[in-house]
Structure formats: C-alpha cells, structure tokens
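The values are calculated or read from the model by the stated rules, or taken from the named source; none is laboratory data. Source: prediction; values computed, not measured. Note that we place each Cβ from the backbone using ideal geometry, even for glycine, and neighbour counts take in every protein chain shown.
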Amino acid sequence: MGMKWEDSTVYLALGATDMRKQINTLAAAVQERLGLGPFSGALFVFCNRRRTTLKILWWDRNGFCLWQKRLERQRFRWPEREAEVAEVGVRELGWLLEGLDMEKAHKELRYETVV
C-alpha cells in the first residue's frame, strides 16, 4: 500500500450504511451525503446497522481502495451522535477496530500558556 494511514484524516459516516454498497456508491455518499472530497486521501469509515461490519474507503494515488472487517460474534462500538460525520484520529480508528469505546477516552487538551 502506497499510503501511510498514520498521516491520514479519518471520517466516520455516522449512522448505518448498507454494506452491499461498494466503491462507487460509497464515494458518492462521501461527496453528496457527507459533503467531503473522496479523492482527498482521507479514510472514510462506514458501519452497518448491526455494528458487525466496517468498511473503510480511501483514495490511494491512482485508485480507490476498500477495506472491510466483519466481526463474527461481537459488535463495534460505533459512536452515537446526531451529526452525519465525525472526524477522529487514526489512533481512535485503531481503538474502534480493537473493540474499544472511543467516546470514553481522555480528550486531548491544548494550552497556549503555562500561567
């Protein structure tokens, strides 16, 4: 794979996605439903209603790639939010794939001064 995922932006397409959808339909959903650029090199993550399957779509230099993971006995801890899309880090995507709850992790703090 020519792309380094650790440098990527990750977008979760919140809600449920029909997992019969393939590259063309998912890329169209990124553009039309989420209002994002499917050719940006970002990772776009989709989950089915039962939360047993994830698909990740990304553009890699000269074509789309589609990665899928299906759980046999457990469920992904897919975020419950009202928004259409959530931006997370690659680290949080790893947690999602490992079955951890991204919502319960410590949030990053950023300060400008010490005092």
Counted residues, segment 8-34 - those being of a type outside the set (A, V, I, L, M) and touching a residue at least 24 places away in the same chain (Cβ under 8 Å):
9
How many of the residues in segment 77-115 are surrounded by 10 or more Cβ atoms within 10 Å (Cβ to Cβ), without any contact (Cβ under 8 Å) to a residue 24 or more places away in the chain and not hydrophobic (A, V, I, L, M, F, W, C)?
2
Checking ALA28 against (1) surrounded by fewer than 16 Cβ atoms within 10 Å (Cβ to Cβ); (2) touching a strand residue (DSSP E or B) at 6+ places or on another chain (Cβ under 7 Å); (3) modelled with pLDDT of 95 or more, which single condition isn't satisfied?
(2)
When segment 22-42 is checked residue by residue, the ones that are out of contact with any Asp or Glu (no Cβ under 9 Å at 6 or more places or on another chain) and not aliphatic (A, V, I, L, M) are GLN22, ASN24, GLN31, GLU32, GLY37, PRO38, PHE39, SER40
Which one of these is at pLDDT 95 or above and not polar (S, T, N, Q): LEU54, LEU34?
LEU54
Return a yes/no flag: does segment 30-47 have any residue that is farther than 20 Å from SER8 by Cα, over 13 Å from the mean Cα position of the chain (by Cα), in a helix (DSSP H, G or I) and not small (Gly, Ala, Ser).
yes
Residue that is part of a loop (DSSP other than H, G, I, E, B), acidic (Asp, Glu) and under 24 Å from GLU108 (Cα atoms), where the choices are GLU72, GLU82, GLU6
GLU82
